[in-house]
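In what follows, a single structure is set out as structure tokens and then discussed.
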Amino acid sequence: MSTIKEQDFLKKLGSKIRSQRNEKKISLNQLATQFGFEKSSISKLENGKSNSTILTLMKLSHALNVPMERFFH
């Protein structure tokens, strides 16, 4: 079970990923179809309901054409 701090971190991370996706005007469906992600996995990640691997974050940063660091600032 995750702590409140971990949950807050995951929500903030997800929010930043969603923000970058929206800024690029890429829908969940487009991201899933064009870059081989599961739509439900991206949705869970963006909503802070899923923990991600560093590899997934790297793939998302590449797909969104943003530095991975942007997810953390």
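Can you pull out the residues in segment 49-73 that are under 15 Å from Phe9 (Cα atoms) and either exposed (fewer than 15 other Cβ atoms within 10 Å of the Cβ) or basic (Lys, Arg) (or both)? Those that are under 15 Å from Phe9 (Cα atoms) and either exposed (fewer than 15 other Cβ atoms within 10 Å of the Cβ) or basic (Lys, Arg) (or both): Lys49, Asn51, Thr53, Ile54, Glu69, Arg70, Phe72, His73. If you check Glu38 against the conditions, is it acidic (Asp, Glu), at pLDDT below 95, surrounded by fewer than 16 Cβ atoms within 10 Å (Cβ to Cβ) and more than 20 Å from His73 (Cα to Cα)? For Glu38, the condition - acidic (Asp, Glu), at pLDDT below 95, surrounded by fewer than 16 Cβ atoms within 10 Å (Cβ to Cβ) and more than 20 Å from His73 (Cα to Cα) - is met.
Among the residues of segment 1-33, the ones that are in a helix (DSSP H, G or I), hydroxyl-bearing (Ser, Thr, Tyr) and farther than 16 Å from Phe72 by Cβ come to 1 in all.
For segment 34-70, how many residues are in a loop (DSSP other than H, G, I, E, B), touching a helix residue (DSSP H, G or I) at 6+ places or on another chain (Cβ under 9 Å) and of a type in the set (Val, Ile, Thr)? Adding up the residues that qualify gives 1. The numbered conditions (1) free of Cβ contacts under 8 Å to residues at least 12 places away in the same chain; (2) within 25 Å of Ile4 (Cβ to Cβ); (3) among the charged types (D, E, K, R) are all true for Lys39 except (2).
The values are calculated or read from the model by the stated rules, or taken from the named source; none is laboratory data. Every value quoted in this text rests on a predicted model; they were computed, and no experiment measured them. Don't worry about glycine lacking a Cβ; one is built from the backbone with ideal geometry, like all the others, and counts go over all protein chains shown.
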